[in-house]
């Protein structure tokens, strides 16, 4: 029987070890590696070509959502499950826009994680039951709204979008508006998700189309 190859991405070693130890008890699963950062996740995905990546949504040095987006863009045959302690709607929506096939809360039973791995490997989308209603409610509200997507951005996100359009890096944006690089990365990820864009180039083009740079 061909095994489902799994990569575990979490910045807590004890979580990676726990998930690895648990999954190794199942004959149809094989943990091919672990990673703690976006860079490591991309490197090991390229190296091992896992079938499924279990991704912590919050990494210390980068966003798990950004890592998910990169993996889904570069390795479309790999399915990503977002694992998180949070149930916020914005994180859920961002994960889905980034390409995640599943979204599971850390407080679910271990068997549920195994079920999620098997489900997404069969190319089934999977959402934890605790967040499904929130997703449906938000989608319903979105369908009722007719405002331009730009109106969904916060004032700070609009400011970051303008700086992206000016060609600034995350570091330069952080220095310009006195934020950490990690916070800026999270803003960029949120902007891309809300505007349904793929990368910074599309974001810059969107800002130019809306004449945002000329307004500031």
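The values are calculated or read from the model by the stated rules, or taken from the named source; none is laboratory data. In this text the structure is predicted, and so the values were computed from the model without any measurement. Ideal geometry is used to build each Cβ from the backbone, glycine not excepted, and the neighbour counts take in all protein chains shown.
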If a residue must be crowded, with 20+ Cβ neighbours inside 10 Å and without any contact (Cβ under 8 Å) to a residue 12 or more places away in the chain, how many such residues does segment 166-200 contain? 1
Please determine whether any residue of segment 121-131 is at pLDDT 90 or above and in a helix (DSSP H, G or I). yes
